[in-house]
1. A 32 angstrom limit on the alpha carbon distance is what I want to check against. Which of K186/K467; K283/K570; K442/K569 exceed it?
2. Under the classification rounded if a/c is under 1.5, otherwise prolate if a/b is larger than b/c and oblate if not, where does region 130-188 fall, given a ≥ b ≥ c as square roots of the Cα gyration tensor eigenvalues?
3. How big is Rg to Rh over the chain, alpha-carbon atoms, Rh as the Kirkwood inverse-mean-distance radius?
4. Quick one: P(r) of region 237-336 from all Cα-Cα pairs, 5 Å bins, percents rounded to integers, in order of increasing distance.
5. How big is the gap, in Å, between the Cα center of region 67-102 and the Cα center of region 116-193?
6. Multiply the residue gap between N514 and F397 by 0.36 nm, knock off their C-alpha separation, and tell me the result in nm, one decimal place.
7. With charges only on Cβ, +1 for K and R and -1 for D and E, what is the dipole size of the chain about its Cα centre, in debye, rounded to 20?
8. For region 115-125, what does the Karplus curve 6.51 cos²θ - 1.76 cosθ + 1.60, with θ = phi - 60°, yield as ³J(HN,Hα) per residue in whole Hz, taken in order and with x for Gly and Pro?
Amino acid sequence: MEIKENPKEYDVIIVGSGAGGGMATKILSEAGLSIALVEAGPYYDPANPEQMTQMKWPYESPRRGGSTTRPFGDFDQAYGGWDIEGEPYSQVGDTDFRWFRSRMLGGRTNHWGRISLRFGPNDFKKKSIDGLGEDWPISYDDIKPYYDKVDKLIGVFGTNENLPNDPDGFFLPPPKPRLHELFYTKAARKSNVKVIPSRLSVLTKRINKDRGVCFYCNQCARSCMAYADFSSGSVLIFPAQKSGGQIDMYVNSMVRTVTTNSEGKATGVSFINKEDEKEYKLKGKVVVLAASACSSARILLNSKSKQHPNGLGNSSDLVGKYLHDSTGGDMMAFIPELIDRKTYNEDGVGGMHVYSPWWLDNKNLDFARGYHIEVWGGLGAPSYGTGFNVNSFNKFFGLNKAGGYGNVLRSDMKKYYGSTIGLSGRGESIAQKTNYCEIDPKKVDKFGVPVLRFNYKWTENEIKQAKHMQDTFEEVIHNMNAIPMWNKPGKESNYGINKPGLIIHEVGTTRMGNDPKNSVVNQYEQLHDVPNVFVVDAGPFVSQADKNPTWTIMALAWRSSEYIIDQLKKQNI
Ligand SMILES: Cc1cc2nc3c(=O)[nH]c(=O)nc-3n(C[C@H](O)[C@H](O)[C@H](O)COP(=O)(O)OP(=O)(O)OC[C@H]3O[C@@H](n4cnc5c(N)ncnc54)[C@H](O)[C@@H]3O)c2cc1C
Ligand code: SF4
């Protein structure tokens, strides 16, 4: 097969344009380096009317809301999902790991929840605290200056609370709590569960001329036409282009391997152009992988050569290992006091206005690590279809009528609309070597590239944590005088813990460390084995914290990009 080679040699090739790739693109291009940004999905701009779904009415959805092409509904800005046609993955034994991929410029940052949390000082040193997992080779003080810069560059609302392990930052004013959030706050505090304003990367105040301010449409998952929420394209890549960055974008281009020379050094990447299905090669002095934790592991494992027979950067045999996702447990309830509530514009961002950071001391508990509670519900903007089945409410009042249609349905809908509240625990699991992704020796995708196979089991620790989540939800819901929408999950269902992968916080597949035998990258996310290759997604995470990972991905990507600039200047790579 003929492989077309581009004669140009770039300073840096960046694979993937999500959180990590977008940050690397901005920092490296603004330092004057020539960049090839290679992205598996199409070009996407939330302000492009052809692609925009924000402010559309439910009846404009082709299937009135059915999620036939996108998992969270046809207006959600995720081109992809758990399953992508022609791009399968497989499982070992009874593993059921769910792998979410967004194939588009900006990756999953177009529709992510915008919950933007820093890890705290303890999160980098958990092994020293409880003896489990591993410590990071860096501390909070190493990353703090980059969190600060990310806060200021991107914008995040919240409040400084002086909490020991949920650090303060540079916050824009938070929006005020909505009615259901006030119910939650009162009920949670009654059980001594801490509640504070949430921390989301949504602009509640103007920070520059390129981006607008949130007008509270509640639809961040559709990506903001005013660029008032964080997406990698609108906040990092487009501004970098605007400020003169030399960025050649290769979209619809699926990287197969990192190419190497006879000394084992990286020379660039090979990719398949999805439009003509031909293979191409690009040359670069440095390769930065930011294809997401599992995709980057896949590229490394598929990059076998005489010099790297076990895959690139894999002399430790740890690429793909220590994969871990957040624990997750959920409960939904409705608040009878809010039945028949007045319908009005609640003026909300596309996410929660309050949340509960982890509030307990593990010394008094039967599991390690913690979780935070995310809150959802209330009125919101009109959703798809009817949004809910009225009979799941009617049954609590002995009303067995079927909701019907016309005026009966309408009045039933209005009766319950806005009376629901949802609680989701998102917690820290412990990274296990036995939880991993690897190359399936028998399966390739539609481009002929070997696919990933997952092996993953929750341990007792995570299951006990899920039980604690449900006990907490039960108590708080009781305090609210609310009615749970389904039975409390018990032992038989592992207390409702979500399948691994479902929380979409998968990390750890190229973990960071000082010892090349025990880790894949060093503290600058540089492969121990191949100094001109870096991984700036969530692969290098040693442990996950009970925080959502994206703010940390970007802070680390910024730090690593500065290191790349320094190393190129010194001609070390
Ligand atoms: C519904 C949802 C809600 C979420 N909410 C939150 C939240 O509130 N807070 C939080 O911190 N995190 C959240 N996340 C997770 C967050 O989106 C990810 O942590 C983050 O986007 C990861 O960034 P990344 O750069 O590693 O990968 P991605 O954003 O996934 O970007 C990777 C990019 O690489 C491209 N790519 C993959 N393979 C290849 C290849 N072989 N060749 C070329 N390109 C490739 C992909 O197309 C994609 O564009 C959420 C995710 C989802 C789906
Ligand atoms: S809620 Fe605000 S930031 Fe989110 S999409 Fe609407 S206007 Fe934009």
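Every number here is computed from the coordinates shown, using simple stated rules; none is lab data. Not measured: the values here are computed from a predicted model. Cβ atoms come from the backbone with ideal geometry, glycine included; neighbour counts cover every protein chain shown.
1. Numbers: K186/K467 23 Å; K283/K570 21 Å; K442/K569 44 Å.
Beyond 32 Å: K442/K569.
2. Numbers: a/c = 3.31, a/b = 1.45, b/c = 2.29.
Verdict is oblate for region 130-188.
3. Values: Rg = 23.5 Å, Rh = 24.4 Å.
Dividing the radius of gyration by the Kirkwood radius yields 0.96.
4. Calculated over all Cα pairs of region 237-336, the distribution is 2, 10, 16, 18, 15, 12, 9, 6, 4, 3, 2, 1, 1, 0, 0 percent.
5. 29 Å
6. Working: separation 117, 0.36 × 117 = 42.12 nm, distance 6.11 nm.
This chain segment gains 36.0 nm when fully extended.
7. Details: 70 positive and 65 negative charges, 154 e Å.
I would put it at about 740 debye.
8. Couplings: 6, 10, 10, 7, 6, x, x, 5, 5, 8, 9 Hz.
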